[in-house]
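A.B. asks: Attaching a single structure in structure tokens format; questions to follow.
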Amino acid sequence: MWIGTAPRAEFPDLSEIPWYASPPDAVAEEPSMRAWRTADSAFYRLAYADGTEFRVDAAGTRVACTWPASLTLADAATYLLGSLFGFVLRLRGIPALHASAIALGDRSVAICGPAGAGKSTTAAAFASRGHPVLADDIVPLAGTAEGIFVQPAYPHLRLWPDVLPALGTGDLPPLIPGMPDWDKRYRDLAAEGAFHAAPLPLGAVYVLGGRETADAPRLETIPRAEAVLQLVGNAYMGWLPDTAARARDLTVLGRVARTVPVVLVIPHADPHRVDALCEAIEADFAARTGGGSGA
């Protein structure tokens, strides 16, 4: 990996073909990310609106990162641990869910949902209840003869400050000190002993739906055919125009839908009731697994 430079010997300046542009940002009215590929698809270039750029080879084994003078390595790291990480996984043939994952007994549970649904907040609440976190935001999946396994990611959570009162954690240090436009906080799971560093078999997937006030939180099993669509819709970076990656996603996620329950969760509109949400998931998982021990 090259930080701050993209050597031409490793990443030749070949003619590029426009490959992808994200939907225009609501404020800037410009795509937040654009991507190009070389004619032979041997290299990719991802450029973000703030000027941060990545060059990646097709195998996902060589990465170069550059950024403008107005930014820092810490700024670039937000992409490295996010969308760039997800992109490299896709290049390496590893499907991933846009989710957080926690350990319940000797199995893992994935918590899916769109941006802002509360995935990281729910994972943080589970960590406070003694259930270690395996991954946040990106959950890599490995299909084996024994089942689908969740692979652990990095040992921290990124949380918006407005959710901290509901979690009762007090204030946390900023993810990027001194960056006024990025107010997320950093929760060090390793320091708390709240990170699970080994793969665990996937035991269930819980999909966070819209928040309600009546009869919430509540859980509803998603029928198998619909579950596949829900999982594909929550594939990390599944919108990239990569037919081979989409086929791999469908194979693995179809197996998930066939072998583990996929459950819709309706959280309460009051974020302070996140513990009740965790209790509902714990009880549901225990009922489905005979106590959640994996026996």
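A.B. asks: Give just the number: which of (1) over 17 Å from Cys278 (Cα atoms); (2) out of contact with any Pro (no Cβ under 7 Å at 6 or more places or on another chain) does Pro165 not satisfy?
C.D. replies: Among (1) over 17 Å from Cys278 (Cα atoms); (2) out of contact with any Pro (no Cβ under 7 Å at 6 or more places or on another chain), Pro165 violates only (1).
A.B. asks: Can you find even one residue in region 194-212 that is of a type in the set (Phe, Trp, Tyr) and within 20 Å of Asp137 (Cβ to Cβ)? Full working, then the answer.
C.D. replies: Restricting attention to region 194-212, the residues satisfying the condition of being of a type in the set (Phe, Trp, Tyr) are 195, 206.
The next check asks that each one be within 20 Å of Asp137 (Cβ to Cβ); those that pass are 195, 206.
Yes, region 194-212 has at least one match.
A.B. asks: When you look at Tyr186, is it among the aromatic types (Phe, Trp, Tyr) and part of a loop (DSSP other than H, G, I, E, B), yes or no?
C.D. replies: On the way: among the aromatic types (Phe, Trp, Tyr): yes; part of a loop (DSSP other than H, G, I, E, B): no.
It is false that Tyr186 is among the aromatic types (Phe, Trp, Tyr) and part of a loop (DSSP other than H, G, I, E, B).
A.B. asks: Could you run through region 136-162 and say how many residues are hydroxyl-bearing (Ser, Thr, Tyr) and more than 12 Å from the chain's Cα centre (by Cα)?
C.D. replies: From region 136-162, those hydroxyl-bearing (Ser, Thr, Tyr) are 144, 154; that's our starting set.
Checking which are more than 12 Å from the chain's Cα centre (by Cα) leaves us with 144.
Summing the residues that are hydroxyl-bearing (Ser, Thr, Tyr) and more than 12 Å from the chain's Cα centre (by Cα) in region 136-162 gives 1.
A.B. asks: Pull out all pairs, ordered by first then second residue, where Cβ-Cβ is under 9 Å, the residues are six or more apart or on different chains, the first lies in region 3-26 and is assigned to a loop (DSSP other than H, G, I, E, B), and the second is loosely packed, with under 11 Cβ neighbours inside 10 Å and at pLDDT below 95.
C.D. replies: As it stands, the answer is Leu14/Ala39; Leu14/Asp40; Ser15/Ala39, since those pairs meet every condition given.
A.B. asks: Take region 60-83 and flag every residue that is at pLDDT below 95 and of a type in the set (A, V, I, L, M).
C.D. replies: Ala69, Leu71, Leu73, Ala74, Ala76, Ala77, Leu80, Leu81 - these are the residues of region 60-83 that are at pLDDT below 95 and of a type in the set (A, V, I, L, M).
A.B. asks: Within region 189-200, is even one residue more than 13 Å from the chain's Cα centre (by Cα), over 23 Å from Ala227 (Cβ atoms), part of a strand (DSSP E or B) and not assigned by TED's automatic domain parsing to the domain that holds Ala64?
C.D. replies: Here is the first cut: in region 189-200, the ones more than 13 Å from the chain's Cα centre (by Cα) are 189-200.
Going one step further and asking which of them are over 23 Å from Ala227 (Cβ atoms), we end up with 189-198.
In the following step, the residues that additionally are part of a strand (DSSP E or B) were identified as 195.
Restricting the remaining residues to those that are not assigned by TED's automatic domain parsing to the domain that holds Ala64 gives 195.
Yes, region 189-200 contains a residue that is more than 13 Å from the chain's Cα centre (by Cα), over 23 Å from Ala227 (Cβ atoms), part of a strand (DSSP E or B) and not assigned by TED's automatic domain parsing to the domain that holds Ala64.
A.B. asks: Looking at region 95-111, I want the residues that are among the charged types (D, E, K, R) and have a partner that is modelled with pLDDT under 95 and in a loop (DSSP other than H, G, I, E, B) with Cβ atoms under 6 Å, at least 6 apart or on another chain. Which pairs are those?
C.D. replies: Asp106/Gly294; Arg107/Gly294
A.B. asks: While we're looking at this one, here's another question. Of the residues Val274, Val263, Val252, Val228, which is of a type in the set (A, V, I, L, M), part of a helix (DSSP H, G or I) and without any contact (Cβ under 8 Å) to a residue 60 or more places away in the chain? Step through it out loud before you land on a result.
C.D. replies: On the way: Val274 fails: without any contact (Cβ under 8 Å) to a residue 60 or more places away in the chain; Val263 fails: part of a helix (DSSP H, G or I); Val252 fails: without any contact (Cβ under 8 Å) to a residue 60 or more places away in the chain.
It is Val228.
A.B. asks: Continuing with the same structure: Listed residues Val205, Val163; which is over 28 Å from Asp106 (Cα atoms), of a type in the set (Val, Ile, Thr) and assigned by TED's automatic domain parsing to the domain that holds Arg129? I'd like the intermediate steps shown before the answer.
C.D. replies: Numbers: Val205 fails: over 28 Å from Asp106 (Cα atoms).
Of the residues listed, the single one that is over 28 Å from Asp106 (Cα atoms), of a type in the set (Val, Ile, Thr) and assigned by TED's automatic domain parsing to the domain that holds Arg129 is Val163.
A.B. asks: Looking at (1) out of contact with any Pro (no Cβ under 6 Å at 6 or more places or on another chain); (2) hydrophobic (A, V, I, L, M, F, W, C); (3) buried (at least 16 other Cβ atoms within 10 Å of the Cβ); (4) outside any helix (DSSP H, G or I), which one does Ala204 not meet, given that it meets all the others?
C.D. replies: In the conditions (1) out of contact with any Pro (no Cβ under 6 Å at 6 or more places or on another chain); (2) hydrophobic (A, V, I, L, M, F, W, C); (3) buried (at least 16 other Cβ atoms within 10 Å of the Cβ); (4) outside any helix (DSSP H, G or I), Ala204 misses (1) alone.
A.B. asks: Let me ask something else about it. In the set Ala103, Ala123, Ala99, Ala110, which member is buried (at least 21 other Cβ atoms within 10 Å of the Cβ) and more than 26 Å from Ala245 (Cβ to Cβ)?
C.D. replies: So the residue among Ala103, Ala123, Ala99, Ala110 that is buried (at least 21 other Cβ atoms within 10 Å of the Cβ) and more than 26 Å from Ala245 (Cβ to Cβ) is Ala103.
A.B. asks: Considering each residue of region 102-137, count those that are closer than 15 Å to Val163 by Cα and among the basic types (Lys, Arg), and give that number. Let's see the steps before the verdict.
C.D. replies: Looking only at region 102-137, we keep the residues that are closer than 15 Å to Val163 by Cα, and these are 115-128.
Add one more test, that the residue is among the basic types (Lys, Arg), and what stays is 119.
The total comes to 1.
A.B. asks: Let me ask something else. When you look at Ala247, is it part of a helix (DSSP H, G or I), closer than 23 Å to Tyr20 by Cβ and small (Gly, Ala, Ser), yes or no? First the steps, then the outcome.
C.D. replies: Working: part of a helix (DSSP H, G or I): yes; closer than 23 Å to Tyr20 by Cβ: yes; small (Gly, Ala, Ser): yes.
Against the criterion (part of a helix (DSSP H, G or I), closer than 23 Å to Tyr20 by Cβ and small (Gly, Ala, Ser)), Ala247 qualifies.
A.B. asks: Return the residues of region 120-136 that are more than 20 Å from His272 (Cβ to Cβ), touching a helix residue (DSSP H, G or I) at 6+ places or on another chain (Cβ under 7 Å) and outside any strand (DSSP E or B); say none if nothing qualifies.
C.D. replies: Answer for region 120-136, where residues must be more than 20 Å from His272 (Cβ to Cβ), touching a helix residue (DSSP H, G or I) at 6+ places or on another chain (Cβ under 7 Å) and outside any strand (DSSP E or B): just Asp136.
The values are calculated or read from the model by the stated rules, or taken from the named source; none is laboratory data. Values in this document were obtained by computation on a predicted structure and should not be read as measured data. Reconstructed Cβ throughout: ideal geometry from the backbone, glycine too, with neighbour counts over all protein chains shown.
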